[in-house]
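Here is the structure we will look at, set down as structure tokens.
The values are calculated or read from the model by the stated rules, or taken from the named source; none is laboratory data. Because the structure is predicted, anything quoted here is derived from the model rather than measured. Neighbour counts are summed over all protein chains in view; Cβ atoms, including those assigned to glycine, are modelled from backbone coordinates with ideal geometry.
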Amino acid sequence: MSVKDLRERIEAEKANHQQMKLNHAVSPIEDTSKIRKAGKDIARMLTILTEIENKAE
């Protein structure tokens, strides 16, 4: 996956995460672990992006 693709994916996942949090605030969902898992997935992708960028330097 290229850096550009990874950045686009991260932005899409961030938007999805924000939407899940907003939906949960309006009408609570049963499985709140999905919100936490999405946040952790974003953090993992950001870590990989940082590693790729540091390796390129």
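For residues that are in a helix (DSSP H, G or I), of a type in the set (A, V, I, L, M) and within 30 Å of E53 (Cβ to Cβ), scanning just the range 1-32, find the one that is modelled with the lowest pLDDT.
Across the range 1-32, the extreme among qualifying residues is V3.
Which one of these does I35 not meet: (1) within 29 Å of A56 (Cα to Cα); (2) surrounded by 12 or more Cβ atoms within 10 Å (Cβ to Cβ); (3) not acidic (D, E)?
(1)
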